[in-house]
């Protein structure tokens, strides 16, 4: 009635009531009557807001990446923001202009400006893996931005939800990654097979080393056996040499004994010969007839035999000689009697 209105705001809205160009009242969650012809009301939302964004940038290898995320902020100085943007509401509490979108766009532009220089310096693959670095760049850029400070806005945080390449490039990267993974799988299979072959080779080498060690041991055993046999033969040879040396010593002693005995026998024979010779020497010059006569043998046969010997010696002087059988019988008869 008569241009007087009542308006009410919640506690999360900061209200500035201007009357005739001057601030009549201000504060959060106000409720008041005002005269519409000379009043202007500004309502600034004070709660925190999550501002989603999405923008495209080009990497150093001229590939486009799509960056998606959100920025959390709140109005820290509503009077400063009211001097920059128009948050005036009508009698029904609706904003006359949509400057909240201008605020969001300015924050997004500041965020993109902070990201552009970083993305332009790296390659596509690095950009896709740089979400955390992009968050830090955006947050640092917004907090140090003079334009954001002039809006009276406080940046609470920034989150990067996705960094994506174009669909064609994503498929290419997927193919490259798939091929690389396949190569790694093939390499793993090769390494596994190579490892199996290496293990098999080590097993074979170990078996061969074992066989070589066994052969070496058998060789050592054979050499030891041969050495033992040689030692046994050497011992037998030494024993044989000792026996031969003993036999030779015995034979030498026997030879010495025989020689000594022979020398003794010779001396004894020489002694006996000398004795006999000395004994018979006086009879050497005597005629055997005298010796025979001196023998004084009473056997008539012996005497007859001496007579026959004499006859035989003088046979060339005898013409005829007759010997009767009776004479022979008598001689032979006497010999048989003596033997009996």
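For a quick check: sort 87, 195, 9, 118 by the number of other beta carbons within 10 angstrom, fewest at the front.
Ascending number of Cβ neighbours within 10 Å: 195, 118, 9, 87.
Please report, to two decimal places, log10 I(q)/I(0) for segment 4-165 at q = 0.11, 0.14, 0.15 Å⁻¹ as given by the Debye formula with identical point scatterers on the Cα atoms and no solvent.
-0.53, -0.73, -0.79
Treat the count of other C-beta atoms within 10 Å as a stand-in for reagent exposure and order 248, 128, 155 from fewest to most.
The order, fewest Cβ neighbours first, is 248, 128, 155.
Report the gain in length on full extension from residue 186 to residue 126: 0.36 nm times residue separation, minus Cα-Cα distance, nm rounded to one decimal.
19.0 nm
In percent, how large is the relative contact order of segment 4-165, given Cα pairs closer than 8 Å and 6 or more residues apart?
25 percent
Put a dot 7 Å past each Cα toward the Cβ at residue 116 and residue 68; how far apart are the dots in nm?
Here the modelled spin labels are 2.3 nm apart.
Place a point 7 Å from the Cα of residue 25 along the Cα-to-Cβ direction; which residues of segment 71-85 have their backbone N under 20 Å from it?
Residues passing the 20 Å test: 78-79.
Once both labels are modelled 7 Å past Cα along the beta-carbon direction, what's the residue 263-residue 220 spacing in nm?
About 6.2 nm separates the two model spin labels.
Report the Cα centroid-to-centroid distance between segment 216-278 and segment 43-97 in angstrom, as an integer.
131 Å
Which FRET efficiency, nearest 0.05, do residue 271 and residue 234 yield, Cβ-Cβ r, R0 56 Å?
Approximately 0.55, to the nearest 0.05.
Compute the distance in nm between two label points, each set 7 Å from the Cα along the Cα-to-Cβ direction, one at residue 179 and one at residue 149.
5.1 nm
Every number here is computed from the coordinates shown, using simple stated rules; none is lab data. What you see is a predicted model; the values in this text were computed from it and never measured. Here Cβ is always computed from backbone atoms with ideal geometry, including for glycine, and neighbour counts include all displayed protein chains.
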